[in-house]
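What follows is calculated from the coordinates using simple rules that are stated; it is not laboratory data. From a predicted model like this one, the values you see are computed outputs, not experimental measurements. Cβ: placed from backbone, ideal geometry, glycine included. Neighbour counts: every protein chain shown.
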């Protein structure tokens, strides 16, 4: 897989003054974190970053090559970002340096495809989790994982353990939590062992349930 390449420059100073100066120049301040060296303050073009993420099938899990001038090239993933709530402009970004041959953990969106049989029968589909934790090499991180929900009847639920992992990817979880559930229409009867029980199980798993560290 070819990495998206972004030009960036190392900021020699940090703080609000350095951040404002970067924005005046049409760039955003960012930090390149690493398990191999100290954090590096950088600045880069936010439009180029948005384009790299938008144009890649890997989305926010796109592997990026940061060209840092005389400091050379660093391979990284976008880990966090800050957006202005009014203008929606990108204000800041955090990157994590990675090695292409070393597995890491990442959060991947779950996309439900198809129309559940239970929905066609009048049931209501609820998606309780929208991301799962995976472990794989950076180049194998999928932009999303699609799951066909068409077989789900009223009272059925989809658990993380039901999701087939893409090649080279391990889905990480300590509890087989619920991803989606089809509940009866309001006033309808719940089949034995059905949706109410599954929804309760998902609630107990909690939003913090995810991959192992």
> When only alpha-carbon atoms count, how far does the range 4-97 stretch along each of its three principal axes, as whole angstroms with the largest first?
Replying inline: 32, 31, 20
> Which of 16, 73, 115 moves the most in a Gaussian network model of the chain with Cα springs under 10 Å?
Replying inline: 16
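Could you tell me the calculated FRET efficiency between residue 47 and residue 103, based on Cβ-Cβ distance and R0 = 30 angstrom, to the nearest 0.05?
Details: r = 32 Å, r/R0 = 1.06.
With R0 = 30 Å, the Cβ-Cβ based efficiency is 0.40.
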>> Please compute the alpha carbon radius of gyration of the chain, then divide it by the globular-protein estimate 2.2 N^0.38 Å. Two decimals is fine.
In response: 1.25
> Ranked by Cβ crowding within 10 angstrom, fewest neighbours first, how are 83, 132, 163 ordered?
Replying inline: 83, 163, 132
> R0 = 25 Å: FRET efficiency of residue 21 with residue 86, Cβ-based, nearest 0.05?
Replying inline: 0.65
> Which percentage, to the nearest 5, of the DSSP beta bridges contained in the chain is antiparallel?
Replying inline: 75 percent
> So, in nm, how far is label residue 34 from label residue 13 when the simple model puts each one 7 Å beyond its Cα toward the Cβ?
Replying inline: 2.4 nm
> Any idea how far the Cα center of the range 1-44 sits from the one of the range 51-80, in Å?
Replying inline: 12 Å
> Which residue, 25, 146, 57, tops the fluctuation ranking in a GNM of the chain built on C-alpha contacts under 10 Å?
Replying inline: 25
>> I want to verify a result. In a Gaussian network model of the chain, Cα cutoff 10 Å, which of these has the top mean-square fluctuation: 36, 95, 60?
In response: 36
